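These notes are about the structure you will find just below.
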Amino acid sequence: MERINVRVEGRLKQQLEAEAREKGVRPSDIVRQALEEHLRQRTPRPNCRELAEQLGVLGAAKGLPADLSTNPKHMEGFGRD
């Protein structure tokens, strides 16, 4: 397990230590749990498809077949001069 250092106000340190005593755990256990919970609740970053949807670029080409990317017949002659 990796180690980090965090500076906190004296009041926060006292509260952390008091809760650790009450629960019978180490202060680092409480900090680790709080950090994990915080990161779990973060809004995930959108992936490329989600970004494209937000930008409105999916489906931007009108009048093309719906199966353009999946039907091999649309690839006949592609790349030939």
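The values are calculated or read from the model by the stated rules, or taken from the named source; none is laboratory data. If you're wondering where the values come from, they're calculated on a predicted model, not measured in any experiment. Don't worry about glycine lacking a Cβ; one is built from the backbone with ideal geometry, like all the others, and counts go over all protein chains shown. Side chains included, ligands, DNA and RNA excluded: accessible areas come from the protein's heavy atoms. Shrake-Rupley method; radii C 1.70, N 1.55, O 1.52, S 1.80 Å.
Below is a table of values for the structure above.
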| item | result |
| --- | --- |
| Subset of the range 1-40 [in a helix (DSSP H, G or I), at pLDDT 95 or above and exposed (fewer than 12 other Cβ atoms within 10 Å of the Cβ)] | GLY10, ARG11, LEU12, GLN14, ALA18, ARG21, GLU22, LYS23, GLN33, ALA34 |
| Test: residue in the range 67-78 that is in contact with a helix residue (DSSP H, G or I) (Cβ under 7 Å, 6 or more places away or on another chain) and either in a loop (DSSP other than H, G, I, E, B) or open to solvent by 70 Å² or more (accessible area, probe 1.4 Å) (or both) | yes |
| Residue match in the range 41-48 (condition: within 23 Å of ILE4 (Cβ to Cβ) and part of a helix (DSSP H, G or I)) | yes |
